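Reading through the structure tokens given below for one structure.
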Amino acid sequence: MSTERWDLLIIGAGPAGMAGAVTARERGLSVLVVDEAPDAGGHFYRGAGMPAVLREPVLGADVLAGGALIEAFAACGAECRPGTLVWQLTGGEGGEWCAMLAEDQGAGRVCSVQAGAVLLALGAQERPFPVSGWTLPGAMGVGAAQTLMKTQGLVPVPEAVLVGGGPLLYLFAYQLLQAGRRVQALLETSSAGALWAALPRLPRALLGLGQLAKGLRILAALRKAGIPRIRGVGKIEIAGSTCVEGVRFQAGARGGSLATPLVLLHHGFIPAVNLSRSLGCLHDWDPDQFCWRPRVDLWGQSSRPGIWIAGDGAAIAGARTARWKGVLAALDIARAAGRGDAAALRAKALRARLGCLGPQGMVAFTDRLYRPPDWLRRPGDDVVVCRCESVTAGEVRRLVQLGCLGPNQMKAFTRCGMGDCQGRFCGPTVSELLAQAGGRTVAEVGYFRLRPPLKPVPLEAIAAAEAPVERGKFPS
Amino acid sequence: MPPVSLFEPLPGSGEPTVAIQINGQPHQVPAHYTVAAAMLAAGVTACGTRPEGDAQRAPFCLMGLCFECLVEIDGIPNRHGCMTRVSPGMQVRSMHGKPELA
Amino acid sequence: MPDSGADSRRPTYEVAVVGGGVIGMSVAYGLARLGRRTVVFDGNDTAFRASRGNAGLVWVQGKGSKCPPYALWSLGSADRWPLFGAQLRRETGVDVEYERPGGFLLFDRQDEWDEELAGLAILKAWDPVLDYEVLDPAELARRLPAASRDLLGGTFSRHDGQSNPLALLRALQAAFQGAGGTYCPHRPVRALHPRPGHFQVETADGITEAGQVVLGAGLGNIPLAPMVGLRAPVAPLRGQMLVTEKLEPFLGCLVDGIRQTVSGSVVLGSSSEPVGLDDGVTAPILATIARFAITRFPRLRRARVLRAWASLRIMTPDGMPVYEPSPSCPGAFLVNSHSGVTLAAAHAEVLAPWIAGQAAPDFLEYCHASRFSV
């Protein structure tokens, strides 16, 4: 198989990836951008599936601002391959990287590319939401429903209930209002106490005055439209036998339930770390965002030389920050490749830092305001933790009693993390349960050891990826 | 009784369409739909069962991470429904249990 | 929790086992069942852990062609496995998924087939119980309908079986504790100090005293062995593996390198690479493993691979175990083997009694580290 060589491979064509590509091209690097989705744009800037007349009022200026970046990206001379999956990335000869690409999740063409540097811009995923009944048909993420709206123009039935916390809950409910639609109610975990706790962070959030004001406008619109909001909600249980029929909850001393066939769950985003972990990059536990983040310097250089990480995949901070981080990473990559311009670097870095202050201040504020509660991160015994293998929190706790203290041993003994999702929806919860049961911090517990393939690929793709070698012998 | 969909199309979001089959039933779906979206719009909320065959499963994340949307497409099992666009004449079937390879 | 053994007349434990993988746990389980007060010190979650990275074969065919007593040792353990597995299930509720359908080796290279046949012939000539069948393509087609028609042929041994190695380790840990053993996770042993009549085992927690000590820590035995007058002549030998999604059962048999588990996923392997302490996976080897599997069962080409991993076997220069009592520090024992799953039953039911003072099995005369000295 012949191998192409690029100065820079960017994995992910969202805000960080696209901005990074444009900057890298300005510095004269050859750039290949790969994204698994059928189109470039990432999650935030999607919208092509919406009717044109609704795009502006529903998606809003922030998303539409992405149009200019998408155009700049299309014109910058980077090669973009959508619908293409990177399933393995390994360090090769002379500091170069070798990536295995597959079209159509491996059902299509498979090839390998070489790159001098790699920028990971894979973005975020929704935080797992392990509550009783969350595996029933009719339960899905708010982000999932928003994706359906943006890329397909499909919106939830009005009986839908939004459950959880975080700005996306309100944003999506607001976007639906703009499209002339309603939801039945918002069940919110945050309470007045959370607002008090978050107040010390408000001054920094004021640096993102525009976003703060937009948030307040959204809440006002929901109030005006009479969308019921039930706050301080706990003990969420999704009810139903073969599909979702309703949701039960506690709010303070009162219990309640709502009948609905569709429950949309959300409690913030966490970086998508499977690729950075499989590369052996160091990760730190962020006790504020309750998530793992790859360790990167101000330019996005990870702990592995030659791998940069930008955007929500490095730290959750939204699209605007992701763009700046993509630019910074590309400038640093150009510098490392000898195509740097020190003055431009410094100027851009200063602008980037200033540009990120507002969004980062807002994130710090909303993180505290919408902190995921203990009962969600460390669910009750009967709740399924690993969707792929149907393992409950109770089974995990029982094994801790037998001395199974680490996530990799837990994976070996319960099969948590061995399914198709490769730990994306159970890994964080397993680490939290181990921390709770063992009286340690999540940082001390650690996380699953991850390896390629980054996503499942057919055996024939792996067979075709490289020329065969001798397997070796062993005695006896 | 026809299956009830949990999602409805916004007016003006539906053209042009292609003809596909879902579990043997014909459907006209907008050409830009993914297979998972087409199933949800058609009221087929569950994509099939878990490999053990013991419980229904349905798409959860719709962004290619949860792998609960695996369906059989044109005879090939366990295709990624939310990452695959519909195409004319496509035959989509729910997965029931584990695939049999040939 | 282990204490420091304040009672100077009697150490807290009769036996301390270093290593909580399948080797250490099999021996410890056997000792606990014999009523010995036993403690296991296990390493951390991110230790190399060969027990987490193997295929689970309970395999006899072809072993010991250069030293036939090893073949009988393996066979003896394999013959104990049915009751051993059933006992573990009774005691813990964990099903180790053991079965003994017999095992196939399939060949698409003449040199490999010739070599295997030569080895098998030696073994059978030495002891007719080590029988096997040679299968031509027609017979293969009859017995393995899913196998490729382009293979040269194969061999079959009725002695071979398989288990779920992860369930085995889980069951051993539960059974050991159920039999009164003390399991100390995340307590890697830093040093061993021989004292008159007992040993001091040093971990981050302090000192634990035991009458005997068994080194069952795989590669971890290398630095510890000299502290008790022993030598661990082992080196890492990496093996890489792939696991597929769950598939409808199609294999209908056990093939070396291609094992379909009870849940339906297929475990594919493997390689033998002396690369030191590197448990990373590499694309060329994974490609080779993939081709090996597709060559034998073409339908596997469409199976989706969910996971790949690599593990470091504990390999002696001749591939046979080392079972050795310390000549200078009586009561210290070294146990090293790359066949921890196959030999789990023997380790629990023959080796553990020896450590507890019963007669040494004959095979032990072949298992001293000194056989590697020139």
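A crude spin-label estimate for the pair A:Ala65 and C:Ser370, with each label 7 Å from Cα along the Cβ direction, gives 7.9 nm.
Past 22 Å, Cα to Cα: identify those pairs from A:Lys473/C:Lys63; A:Lys325/A:Lys455; A:Lys411/C:Lys63; A:Lys411/C:Lys246; A:Lys214/A:Lys348, in the order given. Result: A:Lys325/A:Lys455; A:Lys411/C:Lys63; A:Lys214/A:Lys348 exceed 22 Å. Mean partner shielding of peptide A:228-239, defined as the number of other chain Cβ atoms within 10 Å of each residue Cβ, is 0. Annotation: aspartates and glutamates with alpha-carbon distance below 16 angstrom to A:Lys150 (same-chain offsets under eight excluded): A:Asp39, A:Glu56, A:Asp62, B:Glu8, B:Glu15.
Listed peptides A:307-314, A:394-401, A:13-20, C:106-113 appear in the order A:13-20, A:307-314, A:394-401, C:106-113 once ranked by packing, highest mean of other Cβ atoms within 10 Å at the front. Restricting the GluC sites (Glu not before Pro) of the stretch A:433-476 to loop positions (DSSP other than H, G, I, E, B) with no more than 13 neighbouring Cβ atoms within 10 Å leaves A:Glu470. Which of rounded, prolate or oblate describes the stretch C:103-158 when judged by the alpha-carbon gyration tensor and an a/c cut-off of 1.5? Verdict is oblate for the stretch C:103-158. If you take the Cα centroid of the stretch A:103-168 and the Cα centroid of the stretch C:71-96, the two points sit 45 Å apart.
When each of the peptides A:403-411, A:320-328, A:220-228 is scored by how many other beta carbons lie within 10 Å of its residues on average, the order from highest to lowest is A:320-328, A:403-411, A:220-228. For chain C, the mean residue ellipticity at 222 nm estimated from helices alone is -8000 deg cm²/dmol, where every DSSP H run of n ≥ 4 contributes -39500 (n - 2.57) and the total is divided by all residues, rounded to the nearest 500. A Cβ-based charge dipole, computed about the Cα centre of the stretch C:81-187 with Lys and Arg at +1 and Asp and Glu at -1, lands at about 720 debye.
Quick one: grab the alpha carbon gyration tensor of chain C, order the square roots of its eigenvalues as a ≥ b ≥ c, and give me rounded if a/c is under 1.5, else prolate or oblate depending on whether a/b is larger than b/c. Cα axes put chain C in the prolate bin.
Ranking C:Val266, B:Pro3, C:Ala32 by Cα position along the charge dipole of the protein assembly as shown, where only Lys, Arg, Asp and Glu carry charges on their C-beta atoms, puts B:Pro3 farthest toward the positive end.
Simple point charges give the picture: +1 on the Cβ of Lys and Arg, -1 on the Cβ of Asp and Glu, and for chain C a dipole about the Cα centre of about 680 debye.
With R₀ fixed at 25 Å, the C-beta to C-beta distance from A:Arg248 to A:Asp381 puts the FRET efficiency at about 0.90. Considering only C:Ser74, C:Ser26, C:Ser263, the mean-square fluctuation computed in a Gaussian network model of chain C, springs between alpha carbons under 10 angstrom, is largest for C:Ser263.
What the Cβ-Cβ distance of A:Leu350 and A:Leu195 gives, at R0 = 35 Å and to the nearest 0.05, is a FRET efficiency of 0.55. Under the convention that each Lys and Arg Cβ holds +1 and each Asp and Glu Cβ holds -1, the size of the dipole of the protein assembly as shown around its Cα centre is about 2740 debye.
Listed by Cβ neighbour count within 10 Å, with the fewest neighbours leading, A:Thr151, C:Thr92, A:Thr441 appear as A:Thr441, C:Thr92, A:Thr151.
Inter-chain Cβ neighbour count for C:167-175, averaged per residue, equals 3 (cutoff 10 Å, partner chain atoms only). By the rule of a C-alpha distance below 15 Å, with chain neighbours fewer than 8 residues away ignored, the aspartates and glutamates paired with A:Lys235 are A:Glu188, A:Asp374, A:Asp381, A:Asp382. Between the stretch A:273-299 and the stretch C:222-274, the C-alpha centres lie 30 angstrom from each other. Within 10 Å of the Cβ of each residue in A:98-105, the mean number of Cβ atoms contributed by other protein chains is 2. Classify the protein assembly as shown: rounded, prolate or oblate, from the alpha-carbon gyration tensor (a ≥ b ≥ c, eigenvalue square roots; a/c under 1.5 rounded; otherwise prolate if a/b is larger than b/c)? The shape class here is prolate.
Between the stretch A:313-338 and the stretch C:105-144, the C-alpha centres lie 59 angstrom from each other.
Every number here is computed from the coordinates shown, using simple stated rules; none is lab data. These figures come from a predicted structure and were not determined experimentally. A quick note on method: Cβ atoms are made from the backbone with ideal geometry, for glycine too, and the neighbour counts reach across all protein chains shown.
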